[in-house]
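Here the structure is laid out as structure tokens; the discussion comes afterwards.
The values are calculated or read from the model by the stated rules, or taken from the named source; none is laboratory data. These numbers were taken from a predicted model, which means no experiment stands behind them. Don't worry about glycine lacking a Cβ; one is built from the backbone with ideal geometry, like all the others, and counts go over all protein chains shown. To get the accessible areas, we keep the full protein, side chains included, count just its heavy atoms, and leave off ligands, DNA and RNA. Shrake-Rupley method; radii C 1.70, N 1.55, O 1.52, S 1.80 Å.
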Amino acid sequence: DAGVTQSPTHLIKTRGQQVTLRCSPISGHKSVSWYQQVLGQGPQFIFQYYEKEERGRGNFPDRFSARQFPNYSSELNVNALLLGDSALYLCASSTTLRGLGETQYFGPGTRLLVL
Amino acid sequence: AQSVSQHNHHVILSEAASLELGCNYSYGGTVNLFWYVQYPGQHLQLLLKYFSGDPLVKGIKGFEAEFIKSKFSFNLRKPSVQWSDTAEYFCAVNAWAGNMLTFGGGTRLMVKP
């Protein structure tokens, strides 16, 4: 079975621009989460979606938004890009939103560079 | 808010040496604990996990971890490392409904052949 897939793999943008990142979960998984991994740090939680609804949000500004589609794929949008948004953006999927007892599986990430 | 600390940021070992990476978390309730590994150029992969039961958990590639509730710790161990274990290791905790993961800062392991 295919794992979590993300596109694009790399992206270069300039300050002030907007970016859309895409994620397809593992087949049968209904929950998608987004994480930001800045170089040298551990991933930080941005959003979680389940059944097309936002179920959790991390401490990120409103410039960050996301959505989940009926096929459970997801998009992460970042507006008005800042240099500090340069990072690896990870998507993770899990079967449900059961909370404790679930395992998240990660995709390869999209590396965003903001110049 | 929950937090996760990994005290060793960089570890350098020779092949066949034993490994122990520390992980401490701050949350007093029920937790799920994970170790993920990121090999160079690859994505985060699950190494092992603890949900409940036996606090000694065995994972892939000979890794194991022990959950010590009284110490809020979940240290990763391997009796004999190989060059192929060179990677970055992340400890993560899920303490809330909705399975949001909180990660530690990571430990970069280099194994010298």
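Results, tabulated for the structure shown:
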| read-out | value |
| --- | --- |
| Percent RCO, i.e. relative contact order, over region B:1-42, from Cα pairs under 8 Å lying at least 6 residues apart | 47 percent |
| Check: chain B dipole with +1 on Lys, Arg Cβ and -1 on Asp, Glu Cβ, in debye | 60 debye |
| For region B:74-113: span of alpha carbons on each principal axis (Å, largest first) | 43, 17, 12 |
| Accessible area buried, both sides summed, chains B and A with 1.4 Å probe, Å² | 1700 Å² |
| Per residue accessible area of chain A, 1.4 Å probe, in Å² | 47 Å² |
| Contact order normalised by residue count of region B:3-112, Cα under 8 Å, 6+ apart, percent | 38 percent |
| Hits among lysines - C-alpha to C-alpha of A:Lys13 under 17 Å, sequence gap 8 or more where chains match | none |
| The protein assembly as shown, accessible surface, carbon-and-sulfur percent (1.4 angstrom probe) | 53 percent |
| Rounded accessible area of A:Thr5 (nearest 10 Å², 1.4 Å probe) | 70 Å² |
| Surface per residue (accessible, 1.4 Å probe) for region B:3-112, Å² | 46 Å² |
| Distant alpha-carbon pairs in the protein assembly as shown (separation over 32 angstrom), percent | 18 percent |
| Longest to shortest principal axis, alpha-carbon extents of chain A, angstrom | 38, 28, 27 |
| Under 22 Å from the Cα of B:Lys58 - lysines, other chains or at least 8 residues apart | B:Lys49, B:Lys69, B:Lys71, B:Lys78 |
| Alpha-carbon Debye profile of chain B, log10 I(q)/I(0) at 0.09, 0.20, 0.21 Å⁻¹ | -0.21, -1.04, -1.14 |
| Listed residue (A:Val19, A:Val4, A:Gly42) projecting farthest to the positive dipole end of chain A, Cβ model | A:Val19 |
